[in-house]
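The structure appears below as structure tokens.
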Amino acid sequence: MFDIPKDRTVPFGCVTPAPLEEQPMMITGNWREYRPVIDQEKCNLCMNCVAFCPDACWQVDAADEEVVWNAKYCKGCLVCVTECSTEALSKAYELDFPDGVVRLEKPF
Amino acid sequence: MAKELTLSGCAAAAQAVKMARVDVICSYPIRPYTAAMMELAKMVNEGELDAEFIHGEGEHAQLSVVYGASAAGARVFTGSAGVGVTYAFENYSPISGGRLPVQMMIADRALDPPGDFGSEHTDAMSARDQGWIMGWAETPQEAFDNHLINYRIGEDARVMLPQFVCQDGYFVSHIPGKVKIPDQAQVDEFLPPYRPGRHVLDPKQPCSHGPQIRPDQGAIMDLQRAQAFLDLPPVIEEVIDAYNRIMGRSYSPWLEEFMTDDAEIVFFLMGAHTATARHAVRHLRERGVKAGLVKLRFVRPWPSEQVARSLAKFKAVGVIETSTSYGGSMRGGNLLAEVRASIYDAPKRPLTTSFMAGLGGDVIPLQEFYWMAGKLLAAVKAGRVEKAVYWAGLEHEDAPAAGARSDGAPVAVAVH
């Protein structure tokens with residue numbers, strides 16, 4: 001017999017109900033080295049970033065007028081920057097803080 | 001109607017898979033296992049088997065295809081040999097972690113380099129700690145039976161684990177033997193259709209397979225699989241009981257003993273070379289040596305208690321290694337380490353040593369078994385083993401003592 005702490009339980013076979021919104025169990029935004037930056041003026045809502053992001057970090061906003069970035073899960077793979085059809089997306093170095101101090105959230 | 005056919009191990013495996021009514025098969029050629037897929041492809045083409053037959057672009061793809069198909073609730077079959085087994089390696093742990101009862105046939109082949117088409121258990125044994133059930137067949141008949149037995153064990157709701165169903169390449173996979181084929185009705189009685197639990201694809205309850213978990217959940221995940229193996233033995237015993245009853249067989253689940261009633265020395269081994277070892281034991285008996293053999297049927301789960309209980313009866317045990325573990329605790333193969341660990345806490349322990357034999361597809365001739373028996377008899381006489389590993393046929397030997405027979409029969413036999 002084993003005592004498994006409640007907050008560490010794992011579902012059978014690690015199979016979880018598919019998250020309908022965000023998956024609160026695994027925050028991956030702090031893996032990032034570069035972040036994508038959008039120039040909304042250049043964006044023509046082609047949706048390439050929405051389609052290509054492996055982590056669904058680009059979504060259309062409620063008003064359907066612009067794409068919005070989710071910093072919580074973006075791992076910084078920059079596929080969105082590569083696939084952007086109007087060069088509206090560019091990359092910025094995450095660790096380039098003005099005071100020179102690197103800040104990490106809880107690593108996992 | 002039940003019938004008896006003469007089949008190679010590969011053809012026997014294909015017959016069993018057909019009778020198990022699998023849903024999805026994924027192939028990629030590498031000999032010697034390929035013949036099983038050739039048979040199955042023919043069955044699908046001729047309408048004897050209603051299954052999706054997918055040709056993968058490699059072994060990694062094969063395992064990925066059956067992983068997905070099993071996660072969708074299908075009964076699946078795939079297979080490989082040698083370096084194909086190692087190329088697919090990444091997928092083994094996710095499949096057992098996902099608790100999907102995928103079945104994979106392995107017809108052993110020596111690993112590269114350099115290429116050697118012969119049989120050796122190292123390919124499969126390298127994957128023994130990936131959370132899969134694993135065991136070997138000695139004959140095409142046993143291969144046929146093991147495929148059916150493993151489906152039912154793996155798909156049991158208390159188990160839900162994938163299975164490596166292994167047979168020696170060539171010695172079993174390509175040498176035909178008599179195989180009793182039961183009626184389809186008997187197979188259906190033994191192996192009902194696969195009823196997956198709630199962790200497979202269901203559009204009404206969408207789920208994620210293989211999601212990222214947190215590091216602090218990793219140990220719990222490992223514990224789940226470890227527990228599954230702790231719960232396995234009674235299920236295996238129950239399933240083999242049912243198989244024996246329905247098919248009229250007499251398998252013991254863990255170990256098969258041969259001529260062990262009053263045996264002093266035994267060979268401990270698994271797979272094809274057991275057939276030769278039986279002859280060697282009979283011949284040794286004719287010469288007055290109290291020899292026997294113990295055959296292992298499952299490597300995972302390893303039957304520690306049964307091994308300890310069985311081997312306690314003997315004076316010396318020669319473990320025949322047909323796989324390598326370079327630099328391991330025994331400096332030879334894997335089985336002696338498992339055997340010694342099993343008997344460590346036992347009140348009565350035999351002397352144990354191991355023989356590296358049958359590697360790279362080499363046959364183990366009778367003479368080599370006699371030579372091994374000689375080493376075991378010498379250990380009994382001395383009360384200790386000289387060393388833990390012998391490389392059969394390759395050890396430097398001083399000139400044969402007077403009385404040694406020209407056919408290599410052990411010196412001690414002549415002294416009797």
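Give the angle, between 0 and 90 degrees and rounded to the nearest 10, that separates the Cα long axis of helix B:273-286 from the longest principal axis of the Cα atoms of chain B.
Tilt of helix B:273-286: around 30 degrees.
What would the Debye formula give as log10 I(q)/I(0) at q = 0.13, 0.17, 0.19 Å⁻¹ for the alpha-carbon point model of the stretch B:273-391, no solvent?
The Cα Debye sum returns log10 ratios of -0.48, -0.87, -1.11.
If packing is taken as the mean number of other Cβ atoms within 10 Å per residue, what is the order of B:305-311, B:341-347, B:391-397, highest first?
B:305-311, B:341-347, B:391-397
Within 10 Å, count the other beta carbons around each residue, average over each peptide in A:76-88, B:56-68, B:22-34, B:93-105, and list them highest first.
So the peptides A:76-88, B:56-68, B:22-34, B:93-105, ranked by packing, come out B:93-105, B:22-34, B:56-68, A:76-88.
Where does helix B:366-382 land angle-wise versus the long Cα axis of chain B, in degrees 0 to 90, nearest 10?
Long axis of B:366-382 versus the principal axis of chain B: about 60 degrees.
Show me the three semi-axes of the equivalent ellipsoid for the protein assembly as shown, from the C-alpha gyration tensor (sqrt of 5 times each eigenvalue), largest first, rounded to whole Å.
They are 52, 27, 21 Å, listed largest first.
Take every DSSP beta bridge whose two residues both sit in the protein assembly as shown, then give the antiparallel share in percent to the nearest 5.
Within the protein assembly as shown, antiparallel bridges account for around 35 percent of the total.
Provide the FRET efficiency to the nearest 0.05 for the B:Lys178-A:Trp31 pair, computing r from the beta carbons and using R0 = 56 Å.
0.40
Within 10 Å of each Cβ in peptide B:214-226, how many partner chain Cβ atoms are there on average? Round it to a whole number, please.
Taking the mean over all residues of the peptide, I get 4.
Using Cα centres only, tell me the gap between the stretch A:1-18 and the stretch B:164-217 in whole Å.
Taking the Cα centre of the stretch B:164-217 as reference, the centre of the stretch A:1-18 is 24 Å away.
Using Cα centres only, tell me the gap between the stretch A:27-65 and the stretch B:83-152 in whole Å.
Cα centroid of the stretch A:27-65 versus Cα centroid of the stretch B:83-152: 44 Å apart.
Pull up the cross-link candidates among the aspartates and glutamates for A:Lys72, meaning alpha carbon to alpha carbon under 12 Å and not fewer than 8 places away within one chain.
Within the straight-line limit of under 12 Å, A:Lys72 reaches these aspartates and glutamates: A:Glu22, A:Asp55, A:Glu105.
B:Lys18: which lysines have alpha carbons under 26 Å from its alpha carbon, excluding same-chain residues fewer than 8 sequence positions away?
List returned: B:Lys3, B:Lys42, B:Lys178, B:Lys180.
Quantify how strongly other chains surround peptide A:11-24 by giving the mean number of their Cβ atoms within 10 Å of each of its Cβ atoms.
6
Here is the link list: B:Lys315/B:Lys348; B:Lys290/B:Lys387; B:Lys295/B:Lys381. Which ones come out longer than 18 Å on Cα distance?
The pairs that break the limit, which is 18 Å between Cα atoms, are B:Lys290/B:Lys387; B:Lys295/B:Lys381.
Using Cα pairs closer than 8 Å and at least 6 residues apart in sequence, work out the relative contact order for chain A, in percent.
33
Rounded to whole Å and sorted largest first, what semi-axes of the equivalent ellipsoid does the C-alpha gyration tensor of chain B yield via the square root of 5 times each eigenvalue?
Result for chain B: semi-axes of 38, 23, 20 Å.
Mind giving me the FRET efficiency for B:Glu257 and B:Ser93? R0 is 22 Å, r the Cβ-Cβ distance, nearest 0.05 is fine.
Working from the Cβ atoms, E equals 0.05.
At a 10 angstrom cut-off on C-beta neighbours, averaged per residue, how do the peptides B:359-371, B:202-214, B:183-195 rank from highest to lowest?
So the peptides B:359-371, B:202-214, B:183-195, ranked by packing, come out B:359-371, B:183-195, B:202-214.
What percent of all Cα-Cα pairs in the stretch B:3-247 falls in each 5 Å bin, counting up from 0?
1, 7, 14, 19, 21, 17, 12, 6, 2, 1, 0
If you build a Gaussian network model of chain A, linking Cα atoms that sit under 10 Å apart, which residue out of A:Ala92, A:Ala51, A:Ala18 swings the most?
Greatest mean-square fluctuation among the candidates belongs to A:Ala18.
Enter the mean number of other protein chain beta carbons within 10 Å of the beta carbon of each residue in A:2-10, as an integer.
Taking the mean over all residues of the peptide, I get 4.
Bear in mind that the values in this text are calculations on the coordinates, not laboratory data. Because the structure is predicted, anything quoted here is derived from the model rather than measured. Neighbour counts run over all protein chains shown; Cβ positions are idealised from the backbone, glycine included.
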